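The values are calculated or read from the model by the stated rules, or taken from the named source; none is laboratory data. Note that the structure is predicted; figures quoted are calculated from it, not measured. As a convention, Cβ positions derive from the backbone with ideal geometry for all residues, glycine included, and neighbour counts pool all protein chains shown.
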Amino acid sequence: MPPQTPSTLCTPSAASRIDPRMTILRVGSTRYTLNTAMLSLHSTMLRDSIKEEESGILLCPDWWDVGAFDVFIDWIYTRRFPSTYRPWGIEPPQPLDGDACVRIYIFAWQIDASELRAAIECKAVSFFVQNDYYAPFDTVNLAFSALPHEHVMLELLVDAHCRSFRDDAQGKWEMQQESKLPGKFLVGVMRRYARVGARKELRASDYLGHRSVKKRKRWEEEEAVESVESGDGE
């Protein structure tokens, strides 16, 4: 009898009982041994790759962000995000700020991990809106090269830049990345300065409008609870 397919509500332990097979993923010299059912459940790309590769060993492509994959693994097993993220798995850890959230979102898009994508999208929008934040230029470049041209995350990056960018905050690295900014980003900035610049604050609803009213309400409730628990709501 073929293994049962776990549902999206399945716990890691239940998934392991339903399908105990393991898959090995190799990213350069880094090796992961993970439950096949959990990977298939949470990433369409991984599910398809596992079906095609009978050996049970997957070699990950060059664009694979090991740091974002670590966050993905932590999240599918705990449903919680870690406090830090290591870009590409080799750079020093950084806080899970707006920059990290966008990079993790891009990775979730690339591996078609819809649940992780939805969760990190809310976290990214919340961070940008609440912290008057704008993304570094290298992250902007990555996002515009990886996401569809009309994607709402790109709209957020443009609007946040228009609202919060400060020229005096640029370092040498940012100045180098500035010359690589995509034309679509620059045109978007020019068109939106008047609309966004005159507004006092960004509105989270502008970037979560594609969600249902029920999902937006649930996200707002979760954000309120998280804010109280962290002390921000006092």
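Things worth noting here:
Each row is one residue, and each column tells you yes or no for (1) part of a helix (DSSP H, G or I); (2) β-branched (V, I, T).
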position	(1), (2)
D99	yes, no
W109	yes, no
I120	yes, yes
V129	yes, yes
Y134	no, no
T139	yes, yes
H149	no, no
H161	yes, no
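- When residues in the stretch 59-96 are screened for being surrounded by 20 or more Cβ atoms within 10 Å (Cβ to Cβ) and in a strand (DSSP E or B), 1 of them pass.
- Residue under evaluation D99, criteria (1) buried (at least 19 other Cβ atoms within 10 Å of the Cβ); (2) at pLDDT below 90; (3) of a type in the set (D, E), criterion not met: (2)
- Looking across the stretch 1-37, just one residue is part of a helix (DSSP H, G or I) and modelled with pLDDT of 90 or more, and that is T36.
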